[in-house]
Structures are given as C-alpha cells and as structure tokens.
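Only one structure is covered here, and it is reproduced in the block below.
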Amino acid sequence: MKKKVVILGSTGSIGKSTLDVVEHHKDEFQIVALAANRSVAVLAQQVKKYKPEFAAVFNEEKHEELVSLTEGSDVETGAGMKDVIRAATFDADIVVAAIAGSAGLIPTYEAIKKGRVIALANKETLVMGGQFIIDEARKYGAALLPVDSEHSAVFQSLLAGKKVEIRRIILTASGGPFYNYTLDDLKKVKPADALKHPVWDMGAKITIDSSSMANKGLEVIEAVRLFDIEPDKVEVVIHPQSFIHSMVEYTDSSIIAQMGEPDMRTPIQYALTYPDRITGRVKPFSFENAYNMQFLPPKNNIFPALDLAYHALKKGEYGPICYNAADEIAVEAFMKEIISFTDIPVVIEETLETIDSSTVSNIDDILKIDSSARKMAKEIIKKISVI
Ligand SMILES: NC(=O)c1ccc[n+]([C@@H]2O[C@H](COP(=O)([O-])OP(=O)(O)OC[C@H]3O[C@@H](n4cnc5c(N)ncnc54)[C@H](OP(=O)(O)O)[C@@H]3O)[C@@H](O)[C@H]2O)c1
C-alpha cells in the first residue's frame, strides 16, 4: 500500500525537495493534496505531474488562473484558508507541513486535530504553538516528526539512549555568510547579501534568519518543545561545513551525531519513511571534502538573535510567540530596506521587552499575542526608521 501524502507549501524549497523524494519512490508514496500561496504556474505543473485529488492556493485572486492552468486534469481546486485547511485535513497517511512562517500554524494545527503523522518543517508551529500544540498532538494522537535537519539529527541521535541519560543537545549552525563580519560590516549588509547562504538553498525568510542567527534561535525553541528539554541543555556550535547536522551528548560523555551531505532530502525522506530507511538519491558522503571540519563558538555579541531566543523562552509561553512575530515583521522591513540588518535583533528585543506578559491556553490566545507583537514590532520599526 502506498502512503498517501499531503504537502502544504509544495511550491517552496522543502515542498519541491519532498516531491523529488516522492518522484523517486513512486511505489512508496502517492500525492493526494497540495497547497501553496500564489505560485500557480508551479503548482499547476505539480498537479499535472503528481496527479493529486485536490490542490489549493491561499491567495484567492490566483484561483481562476489555477483553474485554467489545470484544465483537462481531474484535480479539484480550491482557494483561501478554508481550502488550504481542506488540503491539510485531506484523508492521508502523512502531512508535510512546509508552509513558510506563521501562516503554517493553523493548517498544521488542523492536521494535528485529525491525528495525522506530521512531517514538520514549519518550525513556527512549535515556536508559536509551544506546549499547547504538544498537548494537542498528544490528545489527538498526532505524531510530530522533525524535518528540520538539526531536529531530525537529534531525533535520530536520541535513539541511542534514554531521556534521563541526556546531558545536552548540541545544535550545529553553519554560521551563515557573515560569521567573520564585524558589527560595522554587518550594518552595511543588503538583502541580496543576506539571501546568499554558503551551504543551504532555502526559502527567503529562513535564509535571512540563518544570516542573523534568528533561525538558530527558532530552532533552539523548537528543540526545547519537541524534545521536552530544559533550554540550558540545548547548546549551539558553529560548524561551517554543515556535515554534522546535530548531536546529543549523554551522561557518560558519549556524543552521538548524525552526519551526511547537507541535503534536505535526507531528513525529509526519513520523516516520510520513519521508522524505516530506504535507498535515497542523496550522494554518499565523501570524507575528502571533510578533512578540515571545524567547530567554532557562536558570536553572540555580533549576532544577538540567538541569545534573545533563550531570553524569550524564559518569559514563558508568550515569549517565543513574540520572538517569532517580531522577527517576521523585522525581516520584512529589512527586505524592503526600511531597517538595517543589525536592526532585526533590536526589533525582537524591544518587542520582547515592551509587550505585556500573557498566558496561553488555546489557539486564540496564541493568535492574539502574535497580533499584538506584530503591532508592537511595527511601531518600533517606525521609530527606528526615522532615526
Ligand atoms: N528550506 C529549508 O531547507 C528548510 C529547512 C528546515 C526548515 N525549513 C522550514 O520549512 C518551512 C518552509 O521553508 P521553505 O524554505 O521551503 O520556504 P519557501 O521556499 O519560502 O516556501 C514556502 C512555501 O509555503 C507556501 N505558502 C506560504 N504562505 C502560504 C499560505 N498562507 N498558505 C499556503 N501555502 C503558503 C509558499 O507558496 P508560494 O510559492 O505560492 O508562495 C511555498 O510553497 C519554514 O518554516 C522553514 O523554516 C526549511
């Protein structure tokens, strides 16, 4: 029996890599539903190739174009949030949650409520949803399998020991394109510079976040949630070659690491086939390229976004929601050249400091905090941009 797969965010970097995995394992997987925001030309090509039963675009203005581009195929199409949710809750064995940013929270949550196996790329679901999402997943019997390469590596390394035996989780980070920059160099960074990642080919938001270390901050929060571990047991080490995807140290000082080529198809495929492994298309690891593997410290004085994630966690459930919202707004403003690259952590920090604390007991609380933090971040940006 083929596994029925839904991909939310099929036109993005993770979505396309997932389709590449499916393409080469046609006997294992069958695509039943796809969803994207507005890239209808790409989505229509995917529909023709993978023949899902349903395809949705979030942007309703793009629906007519999708209908016309998919004419002649048997696919049913839809638009808007309700139909992205319809894709998310389609009868399936596994839902790949690969929408970028906070837009991924609600569709992923709806899939969780159906008790699906979720291949989770959208880290924002856990960063924003926190303990609430973990509890809901448990309540509805949904499994959250990490796709983020670091979390997949930790997930695999955790098979080597018991939870009580964990000393620390060590997330690796490439350091991004600016690791050797001074603060003055960093002030002059333009969006085009921050969009050039030295190792990974990813969507725009996560690439900018990798340059500022906010992505590692989001990953620290994701790890704390996913592996139910104290923040001070999650550390980050810079490993520019990105061959070791992350590690777990146990109480006997053994470190178990997962390594391989930096190619997202490996963690995606593992989430799709878990607990089994099947032959993949990623090239075998070549040690010739890895004789100079390095491990370096994060430079928190130059890239404060990582430390701010620990700070956000200390504030309680609302902290990470504010961190994520402020970062999304700040990255948007940086891309429009309204603020400078070094202003991104300033917006996050000021939002965290200014916003009132609040409790989280349901999804509406999360959305309310997210919305207040966005408003606050925009006000802070207005002040910064006139200076
Ligand atoms: N890329 C990586 O290597 C990587 C690694 C680890 C984790 N992640 C995480 O995976 C997620 C996706 O990253 P990515 O790099 O693949 O992003 P991306 O290339 O920007 O793709 C984002 C996808 O989400 C879709 N989308 C955006 N808003 C939507 C909405 N409201 N409803 C439905 N679809 C929507 C986009 O559609 P359109 O094309 O129509 O805009 C696109 O298909 C992020 O949370 C990221 O942090 C990515």
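The values are calculated or read from the model by the stated rules, or taken from the named source; none is laboratory data. These numbers were taken from a predicted model, which means no experiment stands behind them. Every residue, glycine among them, receives a Cβ derived from its backbone with ideal geometry; neighbour counts consider all protein chains shown.
A few notes on this one:
- GLU23 being surrounded by fewer than 16 Cβ atoms within 10 Å (Cβ to Cβ), more than 10 Å from the ligand (Cβ to nearest atom) and more than 29 Å from ASP263 (Cα to Cα): no
- Flag for ASP263 being more than 30 Å from SER340 (Cβ to Cβ), surrounded by 17 or more Cβ atoms within 10 Å (Cβ to Cβ) and of a type in the set (Asp, Glu): yes
- Condition met for ARG277 (surrounded by fewer than 23 Cβ atoms within 10 Å (Cβ to Cβ) and touching a Lys or Arg at 6+ places or on another chain (Cβ under 7 Å)): no
- Evaluation of PRO262 against (1) more than 21 Å from GLY15 (Cα to Cα); (2) touching a residue at least 40 places away in the same chain (Cβ under 8 Å); (3) not in a helix (DSSP H, G or I) (one fails), failing number: (1)
- Which listed residue is in contact (Cβ under 8 Å) with a residue 24 or more places away in the chain, farther than 30 Å from HIS239 by Cα and surrounded by 14 or more Cβ atoms within 10 Å (Cβ to Cβ), from ILE329, ILE321, ILE338, ILE348: ILE338
- First in region 269-287 and in contact (Cβ under 8 Å) with a residue 40 or more places away in the chain and on the phi < 0 side of the Ramachandran plot, second anywhere and part of a loop (DSSP other than H, G, I, E, B) and exposed (fewer than 12 other Cβ atoms within 10 Å of the Cβ), Cβ under 8 Å, 6 or more apart: TYR270/ARG277
- Count of residues meeting criterion [touching a helix residue (DSSP H, G or I) at 6+ places or on another chain (Cβ under 6 Å) and either among the basic types (Lys, Arg) or within 12 Å of the ligand (Cβ to nearest atom) (or both)] in region 247-271: 4
- Of the strands (runs of 3 or more DSSP E) contained entirely in region 31-103, those carrying at least 1 residues that are away from the ligand (no atom under 14 Å from the Cβ) fall at 76-79, 94-97.
- LYS114 under 30 Å from VAL224 (Cβ atoms), more than 10 Å from the ligand (Cβ to nearest atom), surrounded by fewer than 18 Cβ atoms within 10 Å (Cβ to Cβ) and at pLDDT 95 or above: yes
- One residue stands out in region 197-223 among those that are near the ligand (Cβ under 9 Å from one of its atoms) and β-branched (Val, Ile, Thr): the one that is surrounded by the most Cβ atoms within 10 Å (Cβ to Cβ), namely ILE206.
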